[in-house]
């Protein structure tokens, strides 16, 4: 459980590189725990990679990491790795290739077309490949991102009130870069696709309390970030 450490780091230093490194290291720990192989020869795609901090932790494990985003923001130490440009809402995913593990960390809630992402996902996975999907669900205390917790007053009014209180608009704009995502709806979207299967699900940052995901409605508020391990469904 690292939620208390993340909160301390965030309120003292905001979302600096160490904050994201802590998240990445905890995710690697969880993947190891659930039996996902992280070793030399494993091909990983860090999708929506940002600065590449997450993928960098897999490089340390010996994995071969490909970074992908709409533009390259990756740190200098990762620039020798392969980088591909993609718009996840518009482009054909097949140009990215197939991988043993695909990482989509805190990107899903920024997709205008999450259903399309799930439709395209099988193109990215090898037969036994897995997707690590993690996102901040809307009713999480941080669901509004930089105007949380005012998002509980509504996506538009909450952001407007943030402007009135802070004197500046939040960077994240609902329905234009930040989209309302719910755990229940996402689970239903995945289960509606006959070629996909959820192998694991957890409450990120405090995976010891993952039983909370078994309770509809409650999970939307108590799971501050949901993580799913998804793969192709094997033929019967």
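The values are calculated or read from the model by the stated rules, or taken from the named source; none is laboratory data. The model shown is predicted, which means the values in this text are computed figures rather than measured ones. Virtual Cβ from ideal backbone geometry, glycine too; neighbours counted across all protein chains shown.
Mind listing whichever residues of segment 62-73 are touching a strand residue (DSSP E or B) at 6+ places or on another chain (Cβ under 9 Å) and either surrounded by fewer than 21 Cβ atoms within 10 Å (Cβ to Cβ) or more than 25 Å from residue 89 (Cα to Cα) (or both)?
If the condition is that a residue be touching a strand residue (DSSP E or B) at 6+ places or on another chain (Cβ under 9 Å) and either surrounded by fewer than 21 Cβ atoms within 10 Å (Cβ to Cβ) or more than 25 Å from residue 89 (Cα to Cα) (or both), then 63, 64, 66, 70, 71, 72 are the ones that fit.
Would you check which residues across segment 11-60 are more than 18 Å from the chain's Cα centre (by Cα), farther than 25 Å from residue 85 by Cα and part of a helix (DSSP H, G or I) and list them?
11, 12, 13, 33
Which number in (1) at pLDDT below 90; (2) under 15 Å from residue 21 (Cα atoms) marks the one condition that residue 72 misses?
Looking at each condition in turn, residue 72 falls short on (2).
Can you tell me which condition residue 134 does not meet? The list is (1) outside any helix (DSSP H, G or I); (2) closer than 30 Å to residue 166 by Cβ; (3) modelled with pLDDT under 95, and all the others hold.
(3)
When the residues of segment 122-141 are filtered to those that are surrounded by 16 or more Cβ atoms within 10 Å (Cβ to Cβ) and farther than 15 Å from residue 224 by Cβ, which remaining residue is nearest to the chain's Cα centre (by Cα)?
133
Within segment 88-104, how many residues turn out to be at pLDDT below 95 and within 23 Å of residue 185 (Cβ to Cβ)?
Here the count works out to 4.
Report whether or not residue 128 is part of a loop (DSSP other than H, G, I, E, B) and under 29 Å from residue 43 (Cα atoms). Spell out the reasoning first.
Details: part of a loop (DSSP other than H, G, I, E, B): no; under 29 Å from residue 43 (Cα atoms): yes.
Against the criterion (part of a loop (DSSP other than H, G, I, E, B) and under 29 Å from residue 43 (Cα atoms)), residue 128 does not qualify.
Check off (1) closer than 12 Å to residue 196 by Cβ; (2) surrounded by 18 or more Cβ atoms within 10 Å (Cβ to Cβ) for residue 119 and give me the number that stays unchecked.
It is condition (2) that residue 119 fails.
With respect to residue 170, is the statement that it is outside any loop (DSSP other than H, G, I, E, B), free of Cβ contacts under 8 Å to residues at least 40 places away in the same chain and surrounded by 14 or more Cβ atoms within 10 Å (Cβ to Cβ) true?
Here the answer is no, as residue 170 does not meet what is asked.
Considering only segment 62-108, state which residues are touching a helix residue (DSSP H, G or I) at 6+ places or on another chain (Cβ under 9 Å) and part of a strand (DSSP E or B).
64, 65, 66, 67, 68, 84, 99, 101, 102, 103, 104, 105, listed by residue number.
Has segment 7-22 got any residue that is within 22 Å of residue 102 (Cβ to Cβ), in contact with a strand residue (DSSP E or B) (Cβ under 8 Å, 6 or more places away or on another chain) and either surrounded by 14 or more Cβ atoms within 10 Å (Cβ to Cβ) or free of Cβ contacts under 8 Å to residues at least 24 places away in the same chain (or both)?
Scanning segment 7-22 turns up no residue that is within 22 Å of residue 102 (Cβ to Cβ), in contact with a strand residue (DSSP E or B) (Cβ under 8 Å, 6 or more places away or on another chain) and either surrounded by 14 or more Cβ atoms within 10 Å (Cβ to Cβ) or free of Cβ contacts under 8 Å to residues at least 24 places away in the same chain (or both).
Go through the residues of segment 145-166 one by one and say whether even a single one is part of a loop (DSSP other than H, G, I, E, B), within 28 Å of residue 91 (Cα to Cα), touching a helix residue (DSSP H, G or I) at 6+ places or on another chain (Cβ under 9 Å) and in contact (Cβ under 8 Å) with a residue 12 or more places away in the chain.
no
Each row is one residue, and each column tells you yes or no for (1) within 20 Å of residue 126 (Cβ to Cβ); (2) modelled with pLDDT of 85 or more.
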site	(1), (2)
7	no, no
19	no, no
28	yes, yes
33	no, yes
36	yes, yes
42	yes, yes
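Just for segment 204-215: of the residues that are touching a helix residue (DSSP H, G or I) at 6+ places or on another chain (Cβ under 7 Å) and either at pLDDT 95 or above or assigned to a helix (DSSP H, G or I) (or both), which one is surrounded by the fewest Cβ atoms within 10 Å (Cβ to Cβ)?
Looking at the filtered set, the residue picked out is 212.
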